[in-house]
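These notes are about the structure you will find just below.
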């Protein structure tokens, strides 16, 4: 199965979300799934053999120590180019909202969780 994972939090952050997400990616890959991870662009382009696509990010007054994304056309392009069987939005916030919006616009099956 081809799965796009859209997440606000990924490397270089180190927290529970990242730990859980990395374990999920490893498990899915070990079972033969083809993955794409869409994250704020913080310079990471690969994780354990999985392509990581960054979308433009900037600081936001609610999170001055982190960079976040908003709805950006690159989100849509990532999904169109990869053509996933399902989109999994992790901890939806700004980038997650874009993942939900473009998944619906492109008619892609979607799952999301906090």
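The values are calculated or read from the model by the stated rules, or taken from the named source; none is laboratory data. Please read these numbers as outputs of a predicted model, since none were measured by experiment. Neighbour counts run over all protein chains shown; Cβ positions are idealised from the backbone, glycine included.
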Legend entry - In region 38-59, residue nearest to residue 86 (Cα to Cα) [restricted to those that are surrounded by 20 or more Cβ atoms within 10 Å (Cβ to Cβ) and in contact with a helix residue (DSSP H, G or I) (Cβ under 7 Å, 6 or more places away or on another chain)]: 38
Legend entry - Some residue of region 75-87 being loosely packed, with under 15 Cβ neighbours inside 10 Å, at pLDDT below 85 and on the phi < 0 side of the Ramachandran plot: no
Legend entry - Test: residue in region 15-32 that is within 17 Å of residue 82 (Cβ to Cβ), part of a loop (DSSP other than H, G, I, E, B) and touching a helix residue (DSSP H, G or I) at 6+ places or on another chain (Cβ under 7 Å): no
